[in-house]
Every structure is written in structure tokens, then in C-alpha cells.
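Trainee: What follows is a structure written as C-alpha cells; I'll ask about it next.
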Amino acid sequence: MRSNNVLGFIFAATLDDKIPELSASRTTASVPIGGKHRLIDFVLSNMSNSGINNVGIVAKSNFLSLMDHVGSGSAYDLSKRRSNLTILPPYGGKTLSNYVETIYNMHGYIEHCREEYVLISPGNVVTNIDYTDVFDFHSKHNADITIIYKNCVSPSGYDQPITVDVDANGKVQQVFVKPEISEGLHNQCFGSVLIRKALLMEEIRKALSVNQLDIKRLLQESALKYNVYGYENKGYCAAISSINDYFTFNMDLMKKEVRDELFNPKRPIYTKVRDDAPSRYGLTSKVKNSIIAQGCVIDGEVENCVLSKGVYVGEGAKLSNCIVMQDTKIGCNTNLNYVIIDKDVTIKDERSLMGFDSYPIYIAKKSVV
């Protein structure tokens, strides 16, 4: 299978309802992460690096931030003559409620594309995967459908996790929805599926004709009818399905092995460039084990934190285990611990805020504390 024969199809609003704090003014895929990236950067970069040059992003609501960030796709090498990046907002003003109806509503776009296969991907998963290996696996096993899974504990936000039972050759024996045994490791599917376009549209139309709108049930039935295989993603993989998942992933970035795997120079993660001056560290600043983007001014103490572009930390301020999004101003002599601060927030002088690792405090965008 050739990479340029695959259409990328991304659901930007995956689990918006599970992270209402972060998705109140943006869709899940455009949530800032890791200091200078958005969630969509990982999904798009994986596709671009694997040779997929035609990608559609399905947006549900609050997608202006997403459109501004991805633009024409030039940052991801998707704006050439034979490449294309398309934002697909709700047709006719309708809210897109589930995968089955959404795919059907987009059938005009999907069927118009020249690609023979479709790679469906959620917008909330952080990983660095080479999809060419998935394509080779799919072709080698003559699969009708390939489900990409990760052997892991189900994230907290997945109240109906999808898991797969595979044999030694990778063939899917059964697809489970919300399995009885919820603890321990499972072959968790987050929604990434490779399928022939004609087969996808055939099954979607059949499902709609019997009012079967649940993509999970559709996968279960397909495992009994078709040659379905499971491809294991053995690399680092984080699915952002709750505010705790978001906090945990950002803290994971402090680990060198995680950064080395995610930001592999052979498969770079692209993003929209914002030109800022280098960060400035004052004479009273102390920074330890933190990720600091460009354009920051730091006069206080920062430890185990992720700071996005343009953040100001005043003299005497102490930040520990915090995630601070861009252009936030933190006043002098503040004390913040386990706090997630959205964009353009002002924390005034001598304020103290403290959460816990299992319950970080969230400060909404443009708030003044």
C-alpha cells in the first residue's frame, strides 16, 4: 500500500465533553500542550511524516483556534500542489454527535477524494508513530480493517473503552466495549482505524439504515464479518481524556526518555511558528527540571513546570508542578503548586494557589486572580 493512497481523517473534537475546562473556548485538538505545541500537531505530523498528503479535520464547534493554528497546512508540509489540508465544519449548521453520522455527512468529501484507503484518527492522542509500518502490516495480512491499539491501562475519561482480543498473528478475535475487568492492562483502541474507503462507506450506510449509530458496535460486528487485524503501538502513547490526563502528560515530558521518543528528529513534530525573543532569566531566577518556551521572562523560582511562550514570572514568585499557557502574567511573591493556568491569565502579587497531583487547580482563559 502506498502512503499517498491513504486519506487522513481526524476527529478534532474527540472527548470534548470530558475536558470541559480546556475545551470551553477551543476544540480538543487545539488544546496547548508541552509548552509550544497543540494536540493536533502530533496527529498531523504523524500523518505527514508517513507520506499521507491529503488530510481532512472534522470540527464540531469552537474551531476558530484550530483553523488559526493549522492554517493552510504549510507547517506540516501539507500545502503543496499534490497535498491538501481541509477543515470540515458541521454541514448545514448541524452539530456532529457521533462517528457514524459524521462520516456519512462527510460522504461527499470522502468519496470525492482519490485515495483508496482511509485512516481514521482521534484528535486527543499524543504519540509518534510511523504509519508506513501500519500500511505494510495491513497489506501483509491482506486485512480489511486494521485497528491500532496500545497495551495500557484505560485512561480515566473513557467510560466506554474499546479493547481488542488478538491472537499471536495479530488477528482480532473479538472487540470489547467497556469490558467487565476494568483494571490492569488492556489492548486499548483509542479510535485509530485503517480501512478501505469503499468498505467504510458501505458499512456506514448499512448502519444508518438500521439506526445503528454507535461506531463501537460497528467495529464489534465487523470483527465477525471481515478480516480484522490489530496493530500494536509499542511506543509512548497518551490519550487526553480528563484534566488529570492532561496534567500527567505534561509532567511526563520532564522525563528525557519520553521527550526523546516523542520528539524523534527522524519523525519531527511540526507546529505553527511564533517568532519570539529568547527567554530571559533575571538575576533572582531559579529554574529546575522545567520546560520553558521562548519569549518568557523569569525573575522567580520555577520547578517541575511547563511554561508556554510569553509567560512572565515575577520576582519572589515560586512555581512548582504547574502548567502555564502563553502570555500569562504571574505577579511577584506568588506561590503556585499543582496549578494549570490557561492563556492570557493575570495572577496578581502575593497570591497563593495549591492543588494536588490527583486534583490540579485550573484557572480559565483571561481570568484575573
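Trainee: Let me confirm something: among Q188, Q220, which residue is in a strand (DSSP E or B) and either without any contact (Cβ under 8 Å) to a residue 60 or more places away in the chain or of a type in the set (F, W, Y) (or both)? Give the steps one after another, and end with the answer.
Mentor: On the way: Q220 fails: in a strand (DSSP E or B).
After applying the criteria, what remains is Q188.
Trainee: Just to be sure, is V311 closer than 28 Å to N244 by Cα, out of contact with any helix residue (DSSP H, G or I) (no Cβ under 8 Å at 6 or more places or on another chain), open to solvent by 20 Å² or more (accessible area, probe 1.4 Å) and hydrophobic (A, V, I, L, M, F, W, C)? Spell out how you get there, then give the answer.
Mentor: Numbers: closer than 28 Å to N244 by Cα: yes; out of contact with any helix residue (DSSP H, G or I) (no Cβ under 8 Å at 6 or more places or on another chain): yes; open to solvent by 20 Å² or more (accessible area, probe 1.4 Å): no; hydrophobic (A, V, I, L, M, F, W, C): yes.
No, not satisfied.
Trainee: Can you work out which of the residues in region 295-313 that are assigned to a loop (DSSP other than H, G, I, E, B) and either aromatic (F, W, Y) or in contact (Cβ under 8 Å) with a residue 40 or more places away in the chain (or both) is farthest from V368 (Cα to Cα)? Full working, then the answer.
Mentor: The first filter runs over region 295-313 and keeps only residues assigned to a loop (DSSP other than H, G, I, E, B), leaving 295-296, 299-300, 304-305, 308-311.
Remaining after also requiring either aromatic (F, W, Y) or in contact (Cβ under 8 Å) with a residue 40 or more places away in the chain (or both): 304, 308-309.
Details: N304: 24, S308: 18, K309: 19 Å.
Only one residue tops the list, namely N304.
Trainee: All but one of (1) open to solvent by 70 Å² or more (accessible area, probe 1.4 Å); (2) at negative phi hold for N289, so report the exception by its number.
Mentor: (2)
Trainee: For P89, only one of the following conditions fails: (1) open to solvent by 40 Å² or more (accessible area, probe 1.4 Å); (2) within 26 Å of M254 (Cα to Cα). What is its number?
Mentor: (2)
Trainee: When you look at E202, is it within 30 Å of H112 (Cα to Cα) and of a type in the set (D, E, K, R), yes or no? Don't jump to the end; show me each part of the working.
Mentor: Numbers: within 30 Å of H112 (Cα to Cα): yes; of a type in the set (D, E, K, R): yes.
Yes; evaluated as a whole, the condition is true for this residue.
Trainee: For region 39-75, give me each residue that is in a loop (DSSP other than H, G, I, E, B), open to solvent by less than 20 Å² (accessible area, probe 1.4 Å) and polar (S, T, N, Q).
Mentor: Here is the first cut: in region 39-75, the residues in a loop (DSSP other than H, G, I, E, B) are 50-53, 59-63, 71-73.
Applying the additional criterion that residues be open to solvent by less than 20 Å² (accessible area, probe 1.4 Å) yields 50, 52, 59, 73.
Across region 39-75, the qualifying residue is only S50.
Trainee: Still on this structure, please answer the following. For region 134-190, which positions are among the polar types (S, T, N, Q), open to solvent by less than 60 Å² (accessible area, probe 1.4 Å) and closer than 14 Å to S222 by Cβ?
Mentor: T146 - this is the single residue of region 134-190 that is among the polar types (S, T, N, Q), open to solvent by less than 60 Å² (accessible area, probe 1.4 Å) and closer than 14 Å to S222 by Cβ.
Trainee: One residue is enough: does region 88-108 have a residue meeting the conditions more than 30 Å from S242 (Cβ to Cβ), over 16 Å from the mean Cα position of the chain (by Cα), outside any helix (DSSP H, G or I) and free of Cβ contacts under 8 Å to residues at least 12 places away in the same chain?
Mentor: No: region 88-108 contains no residue that is more than 30 Å from S242 (Cβ to Cβ), over 16 Å from the mean Cα position of the chain (by Cα), outside any helix (DSSP H, G or I) and free of Cβ contacts under 8 Å to residues at least 12 places away in the same chain.
Trainee: What are the residues in region 314-335 that are farther than 12 Å from I347 by Cβ, open to solvent by less than 10 Å² (accessible area, probe 1.4 Å) and in a loop (DSSP other than H, G, I, E, B), if any?
Mentor: M325
Trainee: Given the conditions (1) in contact with a strand residue (DSSP E or B) (Cβ under 7 Å, 6 or more places away or on another chain); (2) over 30 Å from Q326 (Cβ atoms); (3) surrounded by 20 or more Cβ atoms within 10 Å (Cβ to Cβ), and given that L78 satisfies all but one, which numbered condition is not satisfied?
Mentor: (2)
Trainee: So which of V306, V345 ends up being among the β-branched types (V, I, T), within 30 Å of N49 (Cα to Cα) and either buried (at least 17 other Cβ atoms within 10 Å of the Cβ) or in contact with a His (Cβ under 9 Å, 6 or more places away or on another chain) (or both)? Explain how you work it out, then say what you get.
Mentor: Working: V345 fails: within 30 Å of N49 (Cα to Cα).
The unique qualifying residue is V306.
Trainee: Looking only at region 228-284, which residues are charged (D, E, K, R), under 29 Å from A364 (Cα atoms) and part of a loop (DSSP other than H, G, I, E, B)?
Mentor: Here is the first cut: in region 228-284, the residues charged (D, E, K, R) are 232, 234, 245, 252, 255-257, 259-261, 266-267, 272, 274-276, 280.
Narrowing further to those that are under 29 Å from A364 (Cα atoms): 245, 252, 255, 259, 272, 274-276, 280.
Answer for region 228-284, where residues must be charged (D, E, K, R), under 29 Å from A364 (Cα atoms) and part of a loop (DSSP other than H, G, I, E, B): K255, K272, R274, D275, D276.
Trainee: Kindly provide the set of residues from region 1-14 that are surrounded by 23 or more Cβ atoms within 10 Å (Cβ to Cβ) and either of a type in the set (D, E) or in a loop (DSSP other than H, G, I, E, B) (or both), ordered by number.
Mentor: Across region 1-14, the qualifying residues are A12, A13, T14.
Trainee: Okay, moving on. Does V339 count as touching a residue at least 24 places away in the same chain (Cβ under 8 Å), touching a Gly at 6+ places or on another chain (Cβ under 8 Å), β-branched (V, I, T) and within 25 Å of G157 (Cα to Cα)?
Mentor: Values: touching a residue at least 24 places away in the same chain (Cβ under 8 Å): yes; touching a Gly at 6+ places or on another chain (Cβ under 8 Å): yes; β-branched (V, I, T): yes; within 25 Å of G157 (Cα to Cα): yes.
Yes; evaluated as a whole, the condition is true for this residue.
The values are calculated or read from the model by the stated rules, or taken from the named source; none is laboratory data. Keep in mind that this is a model prediction, so the values were computed, not measured. All Cβ positions, glycine included, derive from the backbone under ideal geometry; neighbour counts span all protein chains shown. We work out accessible area using only protein heavy atoms, side chains counted, and drop any ligands, DNA or RNA first. Shrake-Rupley method; radii C 1.70, N 1.55, O 1.52, S 1.80 Å.
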